[in-house]
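Before any comments, here is the structure.
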Amino acid sequence: MTFDIGPNAADGAGSAPGGGTILLLGAGRMGGAMLRGWLAQGVPASAISVADPSPAPDLVELAARTGVRVNPADSAAVDAAPVDTLVVAVKPQMVESAAAGVQATLAPHTLVLSIMAGKTLADLRRLFPAAGSVVRAMPNLPAAVGRGATVAVAEAGCPADRKERAASLLTAVGSLEWLADEALVDAATALSGSGPAYVFYLVECLTRAGVEVGLPADVSERLARATVEGAGALMGATGQPAAELRAGVTSPGGTTAAGLSKLMADDHLQSLLNATLRAAAQRAAELGGTGPKA
Ligand SMILES: NC(=O)c1ccc[n+]([C@@H]2O[C@H](COP(=O)([O-])OP(=O)(O)OC[C@H]3O[C@@H](n4cnc5c(N)ncnc54)[C@H](OP(=O)(O)O)[C@@H]3O)[C@@H](O)[C@H]2O)c1
């Protein structure tokens, strides 16, 4: 599979098919997962540099094996030459100092792609003033296994080819939804960003309920996990709407119908999830500085 990250061929280091060099700023859990995704998707290692002051041993091993260059972020070893894409994957509280070290890599053709929680397009524009374009993305935890659900929003006027470049890099670790309005990032964070935790809690609750109806705790936990994993895989494999899949396993008068008659009664679960997402979205707005602080 070829991988096109844009038309801006860079000299010196190798470039991806179609051109394009990448500097990954911060290669922790999420940045490391993205790096592995890019390599798996065919981005040439020679096109990628990593700036991280203390790269984890598995990253150092990966770099040695593949040829990805890893430079200490705080040394002169960081490339001073402009890059086509700067991917910002440091913790939000580290970005001021991290950004200072990479200003020389920015040029009018540079796309800054940030995955930092709570850092707005305006923050990114202030932090990386010489970049040509800025895209803000919010992946979620399953990106670590290539199954992330990411949302992204581009700065007004971002050229289509740079959005495509961002999309290529983000879809290497899962699905991508472009948002037309940055204000929706908080809502998406409440759903897909925090969503894995809701599903993990569902497994915990199913496990306890299984014990309640008589199963040994370890059996109940294994069954709950496998059921959620299997249901998710089935939904992915068939692409059928969730409501259709539910109806398909619900025989009239059967056991699933009996269970659902409790789960769906009075829309309790729906109300609870509405409140859950409202609370999470409000907190996202508070942390991102775009909403009320109360
Ligand atoms: N994890 C998630 O599920 C998730 C989901 C959505 C968005 N995000 C966003 O992704 C970003 C990274 O999260 P993470 O969980 O991957 O964090 P992480 O594991 O702490 O990774 C951040 C990496 O950046 C490095 N770093 C620190 N200062 C640096 C500098 N000046 N220059 C270059 N690198 C520097 C850190 O090194 P040290 O460890 O030595 O400090 C670390 O390796 C965050 O902004 C977060 O908001 C994460």
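The values are calculated or read from the model by the stated rules, or taken from the named source; none is laboratory data. It should be emphasised that the depicted structure is a prediction, and the values quoted were computed from it without experimental measurement. Methodologically, a virtual Cβ is constructed for each residue, glycine included, from the backbone with ideal geometry; neighbour enumeration extends over all protein chains shown.
Annotation note: of S168, S114, the sole residue that is surrounded by 23 or more Cβ atoms within 10 Å (Cβ to Cβ), out of contact with any His (no Cβ under 9 Å at 6 or more places or on another chain) and within 23 Å of T21 (Cβ to Cβ) is S114. Scan the range 17-43 for residues that are in contact with a Ser or Thr (Cβ under 7 Å, 6 or more places away or on another chain), assigned by TED's automatic domain parsing to the domain that holds G146 and without any contact (Cβ under 8 Å) to a residue 40 or more places away in the chain and the total you get is 1.
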